[in-house]
Amino acid sequence: MSEVLKMAEAVAAELADYHAEVLFFPEFELRELEEMRVAVVPVGTEYKNLSRSSHEELLRVQIGFLKRGCEDELPQLLQTVEGLGLSFLNQKLAGAVCVCVAYNPIYSPEHLRERGQFTSVIELTFKQIKP
């Protein structure tokens with residue numbers, strides 16, 4: 001199995017309280033978003049040479065948070081998403097450590113305004129050292 005897919009499954013398992021699921025094509029109808037939906041997507045792998053005999057492997061996973069919402073709910077939703085993202089920093093999962101947490105976007109103003117949908121994406125980068 002792909003290392004980035006293993007990592008995505010480990011991240012989804014960590015977010016089991018939110019019923020997170022690994023999805024390759026996360027698309028939802030607004031009516032499906034009464035409760036927060038959490039989608040974990042394997043994004044990519046990057047290899048960097050450290051020496052002649054070793055390299056590091058960077059695994060990137062995105063977590064999408066989607067919920068029907070309005071502007072009044074934004075402060076609480078942002079607090080939830082930021083807290084969840086930071087909880088992964090320096091955490092070890094599936095033989096790698098989370099070295100970077102990025103929110104891109106922390107929320108989508110367009111989705112909120114046009115669809116009444118809160119959309120937030122966290123990108124986690126995990127580092128593995130491979131001899």
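The values are calculated or read from the model by the stated rules, or taken from the named source; none is laboratory data. The structure displayed is predicted, hence computed values, not measured ones. Positions of Cβ are backbone-derived with ideal geometry, glycine not excepted, and every protein chain shown enters the neighbour counts. Please note that ligands, DNA and RNA were not included when accessible areas were found on the heavy atoms of the full protein model with its side chains. Shrake-Rupley method; radii C 1.70, N 1.55, O 1.52, S 1.80 Å.
Taking Ala39 as the residue in question, decide whether it is at pLDDT below 95 and touching a Pro at 6+ places or on another chain (Cβ under 7 Å). Judged against the criteria, Ala39 is a match. Taking the stretch 111-131, which residues are out of contact with any helix residue (DSSP H, G or I) (no Cβ under 7 Å at 6 or more places or on another chain), open to solvent by 70 Å² or more (accessible area, probe 1.4 Å) and of a type in the set (D, E, K, R)? Arg113, Glu114, Lys127, listed by residue number.
What about Lys48, is it in a strand (DSSP E or B) and farther than 24 Å from Gly116 by Cβ?
Numbers: in a strand (DSSP E or B): yes; farther than 24 Å from Gly116 by Cβ: yes.
For Lys48, the condition - in a strand (DSSP E or B) and farther than 24 Å from Gly116 by Cβ - is met.
In the stretch 89-108, the residues that are aliphatic (A, V, I, L, M) reach residues that are part of a loop (DSSP other than H, G, I, E, B) and open to solvent by 60 Å² or more (accessible area, probe 1.4 Å) with C-beta atoms within less than 6 angstrom, at least six apart or across chains, in these pairs: Val101/Leu89.
Ser53 fulfils the conditions (1) surrounded by fewer than 15 Cβ atoms within 10 Å (Cβ to Cβ); (2) under 12 Å from the mean Cα position of the chain (by Cα); (3) not β-branched (Val, Ile, Thr) except for a single criterion, (2). Applying the set (1) in contact (Cβ under 8 Å) with a residue 60 or more places away in the chain; (2) of a type in the set (Asp, Glu); (3) open to solvent by 20 Å² or more (accessible area, probe 1.4 Å) to Glu46 leaves exactly one unmet item: (1).
I'd like to know if the stretch 24-33 contains one or more residues that are modelled with pLDDT of 80 or more and of a type outside the set (A, V, I, L, M, F, W, C). No, the stretch 24-33 contains no residue that is modelled with pLDDT of 80 or more and of a type outside the set (A, V, I, L, M, F, W, C).
Output the number of residues of the stretch 65-110 satisfying the condition of being part of a strand (DSSP E or B), open to solvent by 50 Å² or more (accessible area, probe 1.4 Å) and more than 25 Å from Leu5 (Cβ to Cβ). Count: 1. Test of understanding: among Cys98, Cys70, which residue is of a type outside the set (A, V, I, L, M) and more than 15 Å from the chain's Cα centre (by Cα)? Exactly one of Cys98, Cys70 is of a type outside the set (A, V, I, L, M) and more than 15 Å from the chain's Cα centre (by Cα), namely Cys70.
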